[in-house]
Amino acid sequence: MAAVKKVEWIWADGKLVKWDDATEHVLAHTLHYGLGAFEGIRSYARGDGSASIFRLGDHIDRLFESCHIATLDIPFTRADLRNACVAVLRENKLRGAYIRPLVYLGFGALGLGTTESPVKVVVAAYEWIGAYAGDETLRRGIRAMVSSFRRGAVDAMMAKGKLCGQYVGSVLAKREAGRLGLDEAILLDPQGHVAEATGQNVFVVKRGVLVTPPLSTSVLAGITRDTVIRLASDLGIETRSTLFARDELWCADEVFLCGTAAEVTPVREVDGRRIGGGEPGPVTRRLQEAFFDAVRGPKPRYPDWLTPV
Ligand code: PMP
């Protein structure tokens, strides 16, 4: 992921504050127990100088769902937060950027059950152009492992919420992969089925059919996952949402990960086993192309997905 390049403004609790002033007390509740929710959103610049945020409304809707799961009442409307995302881009003169809204509990009291800690909201953004694992990886694919860490059961982990504390598992899995010299980790669910990667949904292609785990398992309802399914349908590619096992990953013709940060990233190796021909396959390439066309193509084919900056 690109290094964070400081900009001038961050939106915090309804107003723009200087980057260096967007700080928080060390006794903030979320810092200790992880009850908070966040989003990761991207904007893309187009060749003609314009820029737009991809599926902004869907990201803000998911933030409200995450907070509903987390029993956090956001003291702003959806429109307020959509406007805040546009404002941080405009005020910082950003075009190709990553936007990070975060809802968290500030300092009030430290008991687990306290309701005295205020719900706070920030929206930060910084420049981000390029691929999450390096530009080469979009062309060549990444090397992944099945993690020794698992996703929690659906009644233990609230996977439909993009909740701060739940990311400990992803961070540990990502660190493990990094230590072993690999790019990414794929986590299984408690029954041993493939769930998702550390911050990406997983797709495999077998005999021309696109397969991804169902939303009823321990996976986030990825907005890129939804985008890929729609693009596949428009391209006439059959998609199935069904459980599959680790060895089905190894024997797939193609594997790719998708997410706001990862976009559509091909996987060329899992657990030391070459996937397909060891390079991105034709279905992955078609979907990658359709994806980049949708997010930053010169003639937007899906204008409803784009919010102009
Ligand atoms: N799964 C997890 C655990 C994630 O953190 C993300 C990134 N938000 C995704 C999947 C992909 O979701 P999206 O396409 O909405 O970015």
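The values are calculated or read from the model by the stated rules, or taken from the named source; none is laboratory data. Everything numeric in this text was worked out from a predicted model, so none of it was measured. Backbone-built Cβ (ideal geometry, glycine too); neighbour counts: all protein chains shown. Just the protein is used for accessible areas: all its heavy atoms, side chains included, with ligands, DNA and RNA removed. Shrake-Rupley method; radii C 1.70, N 1.55, O 1.52, S 1.80 Å.
Dividing the helix sum by the residues of the chain, where each DSSP H run of 4 or more adds -39500 (n - 2.57), gives a mean residue ellipticity at 222 nm of -8000 deg cm²/dmol.
Angle of helix 167-179 to the longest C-alpha principal axis of the chain, folded into 0 to 90 degrees and rounded to 10: 50°. Relative to the longest principal axis of the Cα atoms of the chain, helix 56-69 runs at roughly 70 degrees. For the range 159-261, GluC sites (Glu not before Pro) are listed when DSSP marks them as loop and at most 11 other Cβ atoms sit within 10 Å of their Cβ; the list is E238. Taken over the Cα atoms of the range 6-86, the convex hull encloses 118 Å³ per residue.
With springs only between Cα atoms under 10 Å apart, run a GNM on the chain and tell me which of R296, R150, R46 wobbles the most. Of R296, R150, R46, the Gaussian network model singles out R46 as fluctuating most.
Ordered by packing density, taken as the mean number of other Cβ atoms within 10 Å over each peptide's residues, highest first, how do 273-281, 157-165 rank? Don't skip to the answer; put the middle values down first.
On the way: 273-281: 17.0, 157-165: 20.0.
Ranking the peptides 273-281, 157-165 by packing returns 157-165, 273-281.
Across all directions, the shadow cast by the convex hull of the range 184-244 built on its C-alpha atoms averages 4.1 square nanometres.
Could you pull out the chymotrypsin sites (Phe, Trp or Tyr not before Pro) across the range 37-88 that fall in loop regions by DSSP (anything but H, G, I, E, B) with no more than 13 other Cβ atoms inside 10 Å?
Answer by residue number: there is no such site.
Tell me, what is the percent relative contact order of the chain, built from C-alpha pairs under 8 Å that lie six or more residues apart? The partial results should precede the final answer.
Details: 644 pairs, mean separation 61.3, N = 309.
Result for the chain is 20 percent.
As a length-normalised measure over Cα pairs under 8 Å and 6 or more apart, the relative contact order of the range 135-296 settles at 26 percent. Modelled spin-label separation between D61 and R246, with each label point placed 7 Å from Cα along the Cα-to-Cβ direction: 3.7 nm. Histogrammed with a bin width of 10 Å, the alpha carbon distances of the range 135-296 distribute as 11, 44, 37, 8, 0 percent, first bin at zero. In the range 135-180, inverting the average of 1/r over every pair of distinct C-alpha atoms gives 12.4 Å as the Kirkwood radius.
Could you give the accessible area per residue of the chain, probe 1.4 Å, as a whole number in Å²?
Working: 14220 Å² over 309 residues.
Ligands and nucleic acids excluded, the figure is 46 Å² per residue.
Phi-derived couplings, Karplus 6.51 cos²θ - 1.76 cosθ + 1.60 at θ = phi - 60°, listed residue by residue for the range 157-164: 10, 8, 5, 7, x, 8, 9, 3 Hz, with x used for Gly and Pro.
Shape summary of the chain, radius of gyration then Dmax from alpha carbon positions: 19.3, 57 Å. Which entries in K5/K160; K120/K160; K160/K299; K5/K93; K93/K160; K120/K162 show an alpha-carbon gap greater than 24 Å? Table pairs above 24 Å Cα-Cα are K5/K160; K160/K299; K93/K160.
How big is the dipole moment of the chain about its Cα centre under a simple scheme where the beta carbon of each Lys and Arg is +1, that of each Asp and Glu is -1, and everything else is neutral? Debye, nearest 20, please. Walk me through the intermediate numbers first.
Working: 39 positive and 37 negative charges, 107 e Å.
With Lys and Arg at +1 and Asp and Glu at -1, about 520 debye.
Close amide H partners of I99, meaning residues 5 or more places away or on another chain with modelled amide H under 5 Å apart, are I41, R42, S43. If you roll a 1.4 angstrom probe over the protein chains with everything in place, what fraction of the accessible area of the chain belongs to carbon and sulfur, to the nearest %? The computed percentage sits at 52.
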